[in-house]
Amino acid sequence: MLSGTSILLFIIVITHYFLRKDKEQLNLTESIASNTNDAVVITNKDTEITYVNNAYEKITGYKKAEVLGLKVSNFKSGKHKEEFYKDMWQNINKKGYWTGELWDKRKDGILYPKKLSIFKIKDKFRKDNLKYVGIFTDLTEIKKEQEYSDKLKDYNMDTNLPNENLLVKLINNNINKNKESFYIMNFSIENYNSILLKFKSDHVFINFLINRIKKIVSEDDFIAQTNGTKFVIFLSSIKSKKDMNDFLNDFLHQTNQSFYIENKEIFYEIKAGIVNFPKDGKSPDELIINSYMALDKAIDTKSINYVYYDEYLKKNLQKETEINLLLRRAIENNELYVYYQPQIDSNTGNIVGAEALLRWNNEKYGMISPAIFIPIAERTGQIIEIGYFIIERVFKDYVALKHKLNEEFRFSINISPLQFNDKELIPKLKYYINKYKVDATKIEIEITENLLMEDIITINKKLKELEELGMTIAIDDFGTGFSSLSYIKNLNVDKLKIDRAFIKDYPEKDDGEMADIIANIAHKLNLNVIAEGAETKAQVNYLKTIGCNLVQGYYYSKPLERNEFEDYMSNYVE
Ligand code: C2E
Ligand code: CA
Ligand code: CA
């Protein structure tokens, strides 16, 4: 099809220029032809150029004087076969015109695509005087846009990696090629301290990481980016679980090495979910969904980097969905309780605090462990509502027990990262403090070490606000996360809480060295130390010798329901 402007231009050019109307009109035609954005080129019957307009000069880079007298074939790109031109000229001579897209060469030697229409014109007055008129537009920009939008559909522009769209196509191709077996690994960069860096460096880091991974991925395989920090590696060459395990070893080795950008170390964890074709799915969608399921499991499981998908995973997920629904009703149905576990001062032997720990007694399932339902509540966001329920309950219990507590006594409350980041946290705390007339200096907030991986400036601001309310802050599960000591040094915190993992095997399988190191760090940073999970006299004694100010654990007591806790305090003798 000829474009509208080409036809119009063509009509103007021939009716006036060739039919030799009066001079005034001829000038007008000239002026239209020379001012249009379409290039116009006119040749004699031997295809030697006799006229070109301004747009021609602009598009091709040639000046009029340089091309007059030259044959148009001088500008061939070399991209098209002889048949292409033969066919073109046959059309022109038979039908009187030809239109299509082709590549030509600019003066600077660069090839460019153009949409060209050529017309054969016979002179009305001199029949032997044959002319050809060519009208063309430069398609370079349009082609570029087209390529770009085609690319956008299939690629991530920052990393040049295939996106999910292309991933699905590529997996499909492989399934259709009757591939017997292959693996797909979905992986994610987690707990990433990107906010410490400028955005620009994020790409630097991700590209760096991808380049490391590319080294161990074979040529037939590819890496796709499904979202900013989530990727899928298609491993067509891996046929067995043993090979997959070998690959994982290489992969974790490559990705576990530290990175420095602008002298800052990048902290992150790699989590991966793995599926096998055809065992775990027959279609690209099924494979990808199941790989996400395995990835989610890996993300939720501390100190595990990867998870292979299997049927149990699916069943667990269904159970999780059910728990999630039951949990929605738990507050209204009065199924949630707060238990208290005493904390003992290792010098005086006094009970100087209690950690509030949530308990869920469900009609159908009985007691459900917080280790199971808290992570679910965190994923669904329900933890925020539950968290405020806990705060209010602890405040009420504090008021009821106040007269029995000694001067130093503090209640510590676990605050999940999601709730910590909730903008309602401080206003709500203020509201409850006023409502229940709580002395906020008797309240300690436990935040997990992993929270400190996030935007440290915002976190410190929040910590300051909590401090201004009078509360103290403990860093929970210390030693299991990835926080950097240099941050902790600058944070508004009071206590490190050594995770149970560092004491539970003492003395049989663990010499307690890690607990000792953590206690030392805390003392160097002028922080108090509390140890959790002490079950034996030997553990309590050891924790004392390494300088833990406070000890909590089954040795003293399990978490107790409020009345039991009250009895415990009344009967306690050190
Ligand atoms: P956590 O904050 O590290 O809490 C300590 C866990 O260790 C508690 O488990 C406690 O019962 C248990 N524990 C204490 N001493 C001993 C001991 O001597 N031996 C053994 N084997 N275990 C001991 P629990 O109550 O099952 O809570 C598990 C996790 O659930 C908690 O770990 C915390 O992360 C979360 N959680 C519990 N209650 C709350 C809550 O009210 N809010 C939030 N956000 N998280 C909570
Ligand atoms: Ca805790
Ligand atoms: Ca812990």
So for the chain, taking the charge dipole from beta-carbon charges (+1 Lys/Arg, -1 Asp/Glu), which of Gln552, Ile223, Leu405 sits furthest toward the positive end?
Ile223
Here the percent of antiparallel bridges among DSSP beta bridges lying wholly in the chain, to the nearest 5, is 75 percent
For the chain: relative contact order, % (alpha-carbon pairs under 8 angstrom, 6 or more apart)
8 percent
Using only Cα atoms and rounding to the nearest 10 degrees, what angle (0 to 90) does helix 164-176 make with the longest principal axis of the chain?
80 degrees
So which GluC sites (Glu not before Pro) in region 440-541 pass both tests, a DSSP loop state and at most 10 other Cβ atoms within 10 Å of the Cβ?
Glu508
Between Asn347 and Arg500, the FRET efficiency computed from the C-beta separation at R0 = 22 Å comes out, to the nearest 0.05, as 0.50
On full extension of the chain, what length is gained from His253 through Lys558, given 0.36 nm per residue of separation minus the C-alpha to C-alpha distance?
105.7 nm
R0 = 60 Å: FRET efficiency of Ile289 with Ser73, Cβ-based, nearest 0.05?
0.55
Contact order normalised by length for region 120-184, with contacts defined as Cα pairs under 8 Å and 6 or more residues apart; what percent is it?
14 percent
Angle between the chain longest axis and helix 23-35 axis [Cα atoms, degrees, rounded to 10]
30 degrees
Write out the trypsin sites (Lys or Arg not before Pro) in region 153-253 meeting two conditions: DSSP loop, and at most 16 other Cβ atoms within 10 Å of their Cβ.
Lys177, Lys179, Lys198, Lys215, Lys239
Using the structure shown, select from Lys435/Lys558; Lys462/Lys489; Lys151/Lys239 the pairs with a Cα to Cα distance greater than 25 angstrom.
Lys435/Lys558; Lys151/Lys239
Over region 325-449, relative contact order from alpha-carbon pairs under 8 Å, at least 6 apart, %
24 percent
Which of Lys81/Lys114; Lys404/Lys437; Lys63/Lys143 have a Cα-Cα distance over 21 Å?
Lys63/Lys143
Would you mind checking region 266-294 for residues with the amide N under 16 Å from a putative spin-label position 7 Å along Cα→C-beta of Asn316?
271-275, 290-294
With the Cα gyration tensor of region 439-574 giving a ≥ b ≥ c as the square roots of its eigenvalues, does the rule (a/c under 1.5 for rounded; else a/b larger than b/c for prolate; else oblate) give rounded, prolate or oblate?
oblate
Anything over 19 Å Cα to Cα? Flag those among Lys58/Lys115; Lys64/Lys107; Lys215/Lys241; Lys215/Lys282; Lys242/Lys279, in the order listed.
Lys215/Lys241; Lys215/Lys282
Gain on full stretching of the segment that runs from Lys144 to Ala538 - 0.36 nm per residue minus C-alpha separation:
134.5 nm
If you line up the long axis of helix 513-524 against the longest principal axis of the chain, both from Cα atoms, how many degrees apart are they, to the nearest 10?
90 degrees
Please pull out the direction-averaged projected area of the chain, using the convex hull of its alpha-carbon atoms, in nm² to one decimal place.
39.5 nm²
I'd like the projected area of region 152-274, averaged over all directions, using the convex hull of its alpha carbons. Report it in nm² with one decimal.
7.5 nm²
Per the helix-only calculation at 222 nm, which mean residue ellipticity applies to the chain, given -39500 (n - 2.57) for every DSSP H run of n ≥ 4 and division by its residues, nearest 500 deg cm²/dmol?
-13000 deg cm²/dmol
Projected label distance in nm at Val573 and Tyr260, using a 7 Å step from Cα toward the beta-carbon:
6.0 nm
Cα-projected label distance for Tyr85 with Tyr436, points at 7 Å along beta-carbon direction, nm:
9.0 nm
Scan region 409-458 for trypsin sites (Lys or Arg not before Pro) in coil per DSSP, keeping those whose Cβ has at most 15 other Cβ atoms within 10 Å, and list them by number.
Lys423, Lys437
Net dipole in debye of the chain [+1 Lys, Arg Cβ; -1 Asp, Glu Cβ; about Cα centre; nearest 20]
3680 debye
Note: Asp108 to Asp158 extended length (0.36 nm per residue) minus current alpha-carbon separation gives 14.9 nm
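Only the coordinates and a few stated rules stand behind these numbers; no lab work does. Given the structure is predicted, the values throughout are model-derived calculations rather than measurements. We place every Cβ from the backbone using ideal geometry, glycine too, and count neighbours over all the protein chains shown.
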